[in-house]
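Engineer: Quick one: the structure is below, and I'll ask about it shortly.
The values are calculated or read from the model by the stated rules, or taken from the named source; none is laboratory data. Just so you know, these numbers come straight off a predicted model, no measurement behind them. Note: ideal-geometry Cβ built from the backbone for every residue, glycine included; neighbour counts use all protein chains shown.
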Amino acid sequence: MAEYLSPGVFIQERIEGARPIAGVATSVASFVGKTERGPKEEAVLCSGYNDYERVFGGMKKFQFGGSEYEYFNMPLAIQSFIKNGGVRFYAVRVFDAGGAVAEYTINDGATPVDKFTIKAKNEGIWGNRLAFTLKKNLADDSKWDFTLFYKELPDDADSVVLETYEALSLSDPTSKYYFPTVVNGSSNYVEIVAETDADDLAAEIDTETNLADGTEPTDPTAINIEDGLEALDVVNGMLMSMAPDFWDEVDGAVAKVLIDDADRDMYRFAILNVPKGKTPQEAQTHMTTTINKNSKRYAMYYPNVKVLDPLTAQSIVFTPVGHVGGCYARTDINRNVAKAPAGITDGALRSILKLERTLKKSERDSVYPYRVNPLVDEPQTGTAVWGCRTGSLDPAWRYIQITRLFQFLEKSTFEATHWVCFENNNPSTRLRVKLQMEGFLLNLFNEGYFAGASPAEAFQVVCDKSNNPQTAIDAGLLYCDIAVSPEKPSEFVVFRFSQKRKTA
């Protein structure tokens, strides 16, 4: 209580009533796998494909030095996610081991004494495709211009300008125009390490010079995917998890890693597919025997899709996980997280040529009871997601939207209620908690998140003496019990026709 020692007017700010709860984002995806470049095991938030390409490079397949290189699955899955309605996503580069950074050391050409080392920002052959020039600045011959180039292949003659820096100081580390200070603070591709001060450079001046000796790390394994998923622990929200490089693995090792990670984190949901070329019976076996995971935090889709390969303009079989993840995001944005991401509108699949296999009704009947969500391509539906089941064997958690709704409710509540910690556990505090939760749930009810014709039918919040006995209070516990009634999808629509008898 404030002290009042002499008369006057005193102003205080007080927090009264319930605090609002802001719902967390539900439409954000995560992609973990092999990229052309980028930081290892670091979650980078992207708001479009250009953001991804700037950090991780593009979609490429090429041969160089007798080896084949491909960076394809991650960017194509991300493009599919975006074309189907996704906007924001995290990308994580992972690899197994090895890999060297391309670099070039500039010296004065006389002693020689090393002056600066120009290094690619991270490991991989991509760095050998960088070249640079260092020239006297035309306006001030005491300063220099640095230009960074990119070559389609390391030995190409043609190059394009990536970045240009003008009027740099090579000899004054205290200057804001100092070569390493400026480049390291701005470049998406290289960093400069100063070896000694440099005023008098020789051989490299005015010559386009390649970085060299960058080598490719080995491809990621299931353990590396696990490490990449752990890098996403810095993300404070819900995520849809995908690892597109492993979409055709037959042993399901990475799929199991994604499921286990979703169960560990609680607020992730793994989107998976059956490997290509599987019959409906094999798809069922893949789910029940190979994967064999009873979890509400993943969903399996079948069959795969045929898409246009942007590099060859040929039709290829590819994973639908990016497309399906985009449907999740589109449904969350246009409807809400409590709506099934399936059907002719919310489940419509964009940017595909056709399905790998057109499923007959009998074939859909053979996989759906085993928690494999079919994709369909029929005149009445278009190409669409035609299932909304999780991998759970518990009927209470059968549907995708129920799991994700509860993830949304739980995460939003967790983020907004830390103010309760260390408050006195008394009727006033419990009432404020109750009002806070009821206000949040009432807003969601009005937006169509819950079943029920009234708030009383849709949800209930109990936080009072009835569930907070003295024994709980003495143990430092405050309980708030929340029950909500989620909407259920109309999976099986039955129209019953009969003859109407004419009455006299």
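Engineer: From the set of residues in the range 200-220 that are among the charged types (D, E, K, R) and modelled with pLDDT of 85 or more, which is farthest from residue 141 (Cα to Cα)?
Structural biologist: The extreme case among them is 219.
Engineer: Hey, could you check the range 457-504 for residues that are assigned to a loop (DSSP other than H, G, I, E, B) and of a type in the set (S, T, N, Q) and say which is nearest to residue 405 (Cα to Cα)?
Structural biologist: 485
Engineer: Starting from residues that are surrounded by fewer than 18 Cβ atoms within 10 Å (Cβ to Cβ) and touching a residue at least 60 places away in the same chain (Cβ under 8 Å), keep the ones in the range 336-355 and report whichever is farthest from residue 406 (Cα to Cα).
Structural biologist: 351
Engineer: So, in the range 361-383, exactly how many residues are assigned to a strand (DSSP E or B) and surrounded by 20 or more Cβ atoms within 10 Å (Cβ to Cβ)?
Structural biologist: Adding up the residues that qualify gives 6.
Engineer: If you don't mind, another one. Hey, does the range 34-46 have a residue that's in contact with a helix residue (DSSP H, G or I) (Cβ under 8 Å, 6 or more places away or on another chain) and at pLDDT below 90?
Structural biologist: no
Engineer: Given the criterion assigned to a loop (DSSP other than H, G, I, E, B), in contact with a Phe, Trp or Tyr (Cβ under 9 Å, 6 or more places away or on another chain) and not assigned by TED's automatic domain parsing to the domain that holds residue 123, identify the matching residue among 14, 19.
Structural biologist: 19
Engineer: While we're on this one: What residue, among those in the range 147-170 that are crowded, with 16+ Cβ neighbours inside 10 Å and small (Gly, Ala, Ser), is farthest from the chain's Cα centre (by Cα)?
Structural biologist: Among them, the one singled out is 169.
Engineer: With 382, 387 as the choices, which residue is under 16 Å from residue 284 (Cβ atoms) and of a type outside the set (D, E, K, R)?
Structural biologist: Sole residue among the options that is under 16 Å from residue 284 (Cβ atoms) and of a type outside the set (D, E, K, R): 387.
Engineer: Evaluate the range 422-430: report whether one residue or more is in contact with an Asp or Glu (Cβ under 9 Å, 6 or more places away or on another chain) and not in a helix (DSSP H, G or I).
Structural biologist: Scanning the range 422-430 turns up no residue that is in contact with an Asp or Glu (Cβ under 9 Å, 6 or more places away or on another chain) and not in a helix (DSSP H, G or I).
Engineer: Next question. Looking at the structure I just gave you, is residue 67 surrounded by fewer than 21 Cβ atoms within 10 Å (Cβ to Cβ), farther than 27 Å from residue 209 by Cβ and among the polar types (S, T, N, Q)?
Structural biologist: no
Engineer: Being in contact (Cβ under 8 Å) with a residue 12 or more places away in the chain, under 16 Å from residue 375 (Cβ atoms) and not small (Gly, Ala, Ser): is that true of residue 278 here?
Structural biologist: yes
Engineer: Which of (1) at pLDDT 95 or above; (2) closer than 25 Å to residue 415 by Cβ; (3) of a type outside the set (S, T, N, Q) does residue 321 not meet, given it meets every other one?
Structural biologist: Evaluating residue 321 over (1) at pLDDT 95 or above; (2) closer than 25 Å to residue 415 by Cβ; (3) of a type outside the set (S, T, N, Q) leaves (2) as the failure.
Engineer: Being among the aliphatic types (A, V, I, L, M), in contact with a strand residue (DSSP E or B) (Cβ under 8 Å, 6 or more places away or on another chain) and not assigned by TED's automatic domain parsing to the domain that holds residue 461 narrows it down to one residue among 405, 393, 441; which is it?
Structural biologist: Step by step, each of 405, 393, 441 is checked, and only 405 is among the aliphatic types (A, V, I, L, M), in contact with a strand residue (DSSP E or B) (Cβ under 8 Å, 6 or more places away or on another chain) and not assigned by TED's automatic domain parsing to the domain that holds residue 461.
Engineer: Can you pull out the residues in the range 73-112 that are in a loop (DSSP other than H, G, I, E, B), under 19 Å from residue 272 (Cβ atoms) and either over 12 Å from the mean Cα position of the chain (by Cα) or among the polar types (S, T, N, Q) (or both)?
Structural biologist: 84, 94, listed by residue number.
Engineer: I'm trying to understand the selection: among the residues of the range 40-56, which are in contact with a strand residue (DSSP E or B) (Cβ under 6 Å, 6 or more places away or on another chain) and part of a loop (DSSP other than H, G, I, E, B)?
Structural biologist: 43
Engineer: Exactly one of these conditions fails for residue 270: (1) outside any helix (DSSP H, G or I); (2) farther than 22 Å from residue 369 by Cβ; (3) without any contact (Cβ under 8 Å) to a residue 40 or more places away in the chain; (4) not polar (S, T, N, Q). Give me its number.
Structural biologist: Going through (1) outside any helix (DSSP H, G or I); (2) farther than 22 Å from residue 369 by Cβ; (3) without any contact (Cβ under 8 Å) to a residue 40 or more places away in the chain; (4) not polar (S, T, N, Q) one by one, residue 270 breaks only (2).
Engineer: Oh, and also: For residue 37, are the conditions met, namely being within 25 Å of residue 230 (Cβ to Cβ), over 15 Å from the mean Cα position of the chain (by Cα) and assigned to a helix (DSSP H, G or I)?
Structural biologist: When the stated conditions are applied, residue 37 does not pass them.
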